[in-house]
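The values are calculated or read from the model by the stated rules, or taken from the named source; none is laboratory data. Small disclaimer: the values here were computed from a predicted structure and weren't measured. Cβ placement follows ideal geometry from the backbone for every residue including glycine, while neighbour counts extend to all protein chains displayed. Please note that ligands, DNA and RNA were not included when accessible areas were found on the heavy atoms of the full protein model with its side chains. Shrake-Rupley method; radii C 1.70, N 1.55, O 1.52, S 1.80 Å.
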Amino acid sequence: MNQSKQRFFIGLVPPPDIEQHISDIQLYFAEHYNSRGALNSPPHITLQPPFHSLAEDVPTLEQSLKEFSANRLSIPVTLSGFAAFAPRVIYADVVKSPELLEIHKDLMSYMEATLGIVDRVSQSRPFVPHMTVAFRDLTKQNFHTAWLEFSGRSLHFEFTASALTLLLHNGSRWNISNLFPLSA
(Lines give C-alpha, C1' and ligand atoms only; values in the text may rest on other atoms or scores of the structure.)
Protein backbone atom coordinates (compact mmCIF):
# COMPACT_ATOMS: atom_id res chain seq x y z
CA MET A 1 0.00 0.00 0.00
CA ASN A 2 1.41 3.35 -1.02
CA GLN A 3 1.67 5.79 1.85
CA SER A 4 1.33 9.22 0.27
CA LYS A 5 3.47 11.82 1.97
CA GLN A 6 2.47 15.45 1.90
CA ARG A 7 4.72 18.46 2.54
CA PHE A 8 3.61 21.07 5.03
CA PHE A 9 4.98 24.03 6.91
CA ILE A 10 3.51 26.24 9.61
CA GLY A 11 3.64 30.01 9.51
CA LEU A 12 1.97 33.30 10.22
CA VAL A 13 0.21 34.89 7.25
CA PRO A 14 -0.43 38.65 7.37
CA PRO A 15 -3.87 40.24 6.87
CA PRO A 16 -5.00 40.66 3.21
CA ASP A 17 -3.87 44.29 2.77
CA ILE A 18 -0.31 43.56 3.95
CA GLU A 19 -0.29 40.24 2.08
CA GLN A 20 -1.14 42.16 -1.10
CA HIS A 21 1.62 44.72 -0.50
CA ILE A 22 4.25 41.98 -0.02
CA SER A 23 2.90 40.08 -3.05
CA ASP A 24 3.31 43.25 -5.13
CA ILE A 25 6.97 43.44 -4.05
CA GLN A 26 7.43 39.76 -4.95
CA LEU A 27 5.92 40.47 -8.39
CA TYR A 28 8.32 43.40 -8.77
CA PHE A 29 11.23 41.00 -8.14
CA ALA A 30 9.79 38.58 -10.70
CA GLU A 31 9.51 41.33 -13.32
CA HIS A 32 12.72 43.28 -12.64
CA TYR A 33 15.11 40.66 -11.28
CA ASN A 34 13.77 37.43 -12.79
CA SER A 35 13.20 35.97 -9.30
CA ARG A 36 9.86 34.17 -9.10
CA GLY A 37 10.47 31.68 -6.28
CA ALA A 38 8.81 33.76 -3.59
CA LEU A 39 5.57 33.77 -5.58
CA ASN A 40 5.15 30.05 -4.87
CA SER A 41 3.60 30.69 -1.47
CA PRO A 42 1.49 33.38 0.17
CA PRO A 43 3.60 35.93 2.08
CA HIS A 44 4.33 34.45 5.51
CA ILE A 45 6.68 34.15 8.47
CA THR A 46 7.81 30.53 8.80
CA LEU A 47 7.56 29.12 12.33
CA GLN A 48 7.99 25.42 11.51
CA PRO A 49 10.03 24.72 8.36
CA PRO A 50 8.72 22.25 5.76
CA PHE A 51 8.14 18.69 6.94
CA HIS A 52 6.46 15.58 5.57
CA SER A 53 3.35 13.96 6.96
CA LEU A 54 1.45 10.93 5.78
CA ALA A 55 -2.02 11.77 4.51
CA GLU A 56 -3.54 9.55 7.20
CA ASP A 57 -1.67 11.47 9.93
CA VAL A 58 -3.02 14.88 8.90
CA PRO A 59 -6.05 14.76 11.26
CA THR A 60 -3.67 14.13 14.18
CA LEU A 61 -1.44 16.98 13.00
CA GLU A 62 -4.43 19.33 12.76
CA GLN A 63 -5.80 18.31 16.15
CA SER A 64 -2.36 18.90 17.71
CA LEU A 65 -2.13 22.36 16.16
CA LYS A 66 -5.64 23.17 17.33
CA GLU A 67 -4.68 22.23 20.89
CA PHE A 68 -1.40 24.16 20.68
CA SER A 69 -2.96 27.37 19.38
CA ALA A 70 -6.02 27.27 21.65
CA ASN A 71 -4.10 28.52 24.68
CA ARG A 72 -1.80 30.94 22.87
CA LEU A 73 -2.35 34.65 22.58
CA SER A 74 -2.40 36.48 19.27
CA ILE A 75 1.02 37.81 18.31
CA PRO A 76 1.88 41.42 17.54
CA VAL A 77 4.04 41.55 14.42
CA THR A 78 6.03 44.48 13.05
CA LEU A 79 7.58 44.51 9.58
CA SER A 80 10.35 47.07 9.38
CA GLY A 81 12.48 47.66 6.31
CA PHE A 82 14.33 45.05 4.30
CA ALA A 83 17.19 42.71 5.14
CA ALA A 84 19.05 39.92 3.39
CA PHE A 85 20.73 36.56 3.67
CA ALA A 86 23.43 37.33 1.12
CA PRO A 87 23.87 36.44 -1.69
CA ARG A 88 20.46 34.91 -2.47
CA VAL A 89 17.61 36.08 -0.24
CA ILE A 90 15.99 39.48 0.28
CA TYR A 91 13.16 39.79 2.76
CA ALA A 92 10.88 42.16 4.60
CA ASP A 93 12.45 42.28 8.04
CA VAL A 94 10.33 41.20 10.99
CA VAL A 95 11.08 42.68 14.41
CA LYS A 96 12.21 39.91 16.78
CA SER A 97 9.62 40.40 19.50
CA PRO A 98 9.66 38.24 22.64
CA GLU A 99 6.20 36.90 21.63
CA LEU A 100 7.44 35.80 18.22
CA LEU A 101 10.59 34.18 19.60
CA GLU A 102 8.53 32.41 22.24
CA ILE A 103 5.88 30.95 19.93
CA HIS A 104 8.59 29.77 17.53
CA LYS A 105 10.52 28.01 20.31
CA ASP A 106 7.36 26.56 21.87
CA LEU A 107 5.94 25.36 18.55
CA MET A 108 9.20 23.65 17.55
CA SER A 109 9.37 21.91 20.96
CA TYR A 110 5.69 20.96 20.79
CA MET A 111 5.99 19.54 17.25
CA GLU A 112 8.93 17.41 18.35
CA ALA A 113 7.34 16.24 21.60
CA THR A 114 3.86 15.45 20.26
CA LEU A 115 4.50 14.50 16.62
CA GLY A 116 8.21 13.72 16.41
CA ILE A 117 8.67 16.48 13.82
CA VAL A 118 12.14 17.98 14.10
CA ASP A 119 14.01 20.43 11.91
CA ARG A 120 17.68 19.96 12.84
CA VAL A 121 18.89 22.85 10.68
CA SER A 122 16.67 25.46 12.31
CA GLN A 123 17.46 24.01 15.75
CA SER A 124 21.13 24.70 15.12
CA ARG A 125 20.82 28.38 14.21
CA PRO A 126 19.07 31.44 15.63
CA PHE A 127 15.51 32.14 14.55
CA VAL A 128 15.36 35.09 12.15
CA PRO A 129 11.71 35.88 11.50
CA HIS A 130 11.29 37.23 7.97
CA MET A 131 8.93 37.54 5.02
CA THR A 132 10.77 36.52 1.84
CA VAL A 133 10.38 38.69 -1.27
CA ALA A 134 13.13 37.08 -3.39
CA PHE A 135 15.21 33.90 -3.01
CA ARG A 136 16.69 30.80 -4.68
CA ASP A 137 16.33 31.94 -8.28
CA LEU A 138 17.79 35.40 -7.53
CA THR A 139 21.23 35.40 -9.18
CA LYS A 140 24.19 36.84 -7.26
CA GLN A 141 24.43 39.68 -9.76
CA ASN A 142 20.73 40.49 -9.47
CA PHE A 143 20.98 40.18 -5.69
CA HIS A 144 23.61 42.93 -5.57
CA THR A 145 21.62 45.22 -7.86
CA ALA A 146 18.36 44.58 -6.00
CA TRP A 147 20.03 44.99 -2.60
CA LEU A 148 21.30 48.44 -3.66
CA GLU A 149 17.69 49.30 -4.48
CA PHE A 150 16.02 47.74 -1.42
CA SER A 151 18.56 48.05 1.42
CA GLY A 152 17.55 51.62 2.16
CA ARG A 153 13.89 51.32 1.18
CA SER A 154 11.43 51.91 3.98
CA LEU A 155 8.68 49.48 4.84
CA HIS A 156 6.61 49.53 7.99
CA PHE A 157 3.57 47.48 8.89
CA GLU A 158 2.12 46.36 12.17
CA PHE A 159 -0.46 43.63 12.51
CA THR A 160 -1.70 41.04 14.95
CA ALA A 161 -1.27 37.43 13.88
CA SER A 162 -4.46 35.82 15.12
CA ALA A 163 -3.93 32.30 13.75
CA LEU A 164 -1.27 29.75 12.95
CA THR A 165 -1.48 28.78 9.27
CA LEU A 166 -0.81 25.28 8.01
CA LEU A 167 0.39 25.37 4.40
CA LEU A 168 0.38 22.37 2.07
CA HIS A 169 2.52 21.91 -1.03
CA ASN A 170 0.50 20.77 -4.06
CA GLY A 171 3.51 19.81 -6.18
CA SER A 172 4.08 23.26 -7.63
CA ARG A 173 3.21 25.78 -4.93
CA TRP A 174 2.24 26.23 -1.27
CA ASN A 175 -1.41 26.84 -0.43
CA ILE A 176 -3.19 27.49 2.83
CA SER A 177 -4.52 24.18 4.12
CA ASN A 178 -5.98 25.25 7.45
CA LEU A 179 -6.01 28.02 10.06
CA PHE A 180 -5.69 27.51 13.81
CA PRO A 181 -6.98 30.56 15.68
CA LEU A 182 -4.98 31.93 18.57
CA SER A 183 -6.78 33.26 21.64
CA ALA A 184 -7.69 36.92 21.34
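For this structure, a couple of remarks:
- For segment 1-114, the carbon plus sulfur part of the accessible surface works out to 52%, probe radius 1.4 Å.
- Other residues within the sphere of radius under 9 Å centred on the Cβ of residue 127, judged by their own Cβ, net out at +3 (K and R +1, D and E -1).
- Rounded to 0.05, the FRET efficiency of the residue 24 and residue 71 pair, given R0 = 41 Å and the Cβ-Cβ distance, is 0.70.
- Other residues lying with their Cβ under 15 Å from the Cβ of residue 97 contribute a combined charge of -2, Lys and Arg counting +1, Asp and Glu -1.
- Debye, to nearest 20: dipole size of the chain, +1 on Lys, Arg Cβ, -1 on Asp, Glu Cβ: 520 debye
- On Cα atoms only, tilt of 58-70 relative to the major axis of the chain in degrees: 80 degrees
- Modelled FRET efficiency - R0 41 Å, residue 156 with residue 120, Cβ distances, 0.05 increments: 0.75
- Working note: 222 nm ellipticity from helices only, DSSP H runs with n ≥ 4, each -39,500 (n - 2.57), summed and divided by the residues of the chain, gives -11000 deg cm²/dmol to the nearest 500.
- Amide hydrogen neighbours beyond the local backbone of residue 117, cut-off 5 Å, H modeled: 112
- Amide N of segment 41-64 lying under 14 Å from the label point, which is placed 7 angstrom from the Cα of residue 5 along Cα→Cβ: 50-57
- 1.4 Å probe accessible area per residue over segment 39-138, in Å²: 48 Å²
- C-alpha center-to-center spacing [segment 17-96, segment 134-183] in angstrom: 5 Å
- Percent of Cα pairs exceeding the 31 Å cut-off, where the set is the chain: 16 percent
- Candidates per trypsin sites (Lys or Arg not before Pro) in segment 1-36, loop by DSSP, up to 15 other Cβ within 10 Å: none
- Each residue of segment 44-51 was assigned a 3J(HN,Hα) from its phi angle through the Karplus curve 6.51 cos²θ - 1.76 cosθ + 1.60 (θ = phi - 60°); the sequence is 6, 10, 6, 9, 10, x, x, 9 Hz, with glycine and proline shown as x.
- C-alpha long axis of helix 16-33 to longest principal axis of the chain, angle in °: 50 degrees
- Annotation: amide H-H contacts under 5 Å for residue 96 (H modelled 1.01 Å from N, sequence separation of 5 or more, or interchain): none.
- Degrees, to the nearest 10: 98-115 long Cα axis against longest axis of the chain: 40 degrees
- Distances between placed amide hydrogens fall under 5 Å for residue 174 paired with 41, all partners being 5 or more residues away or on another chain.
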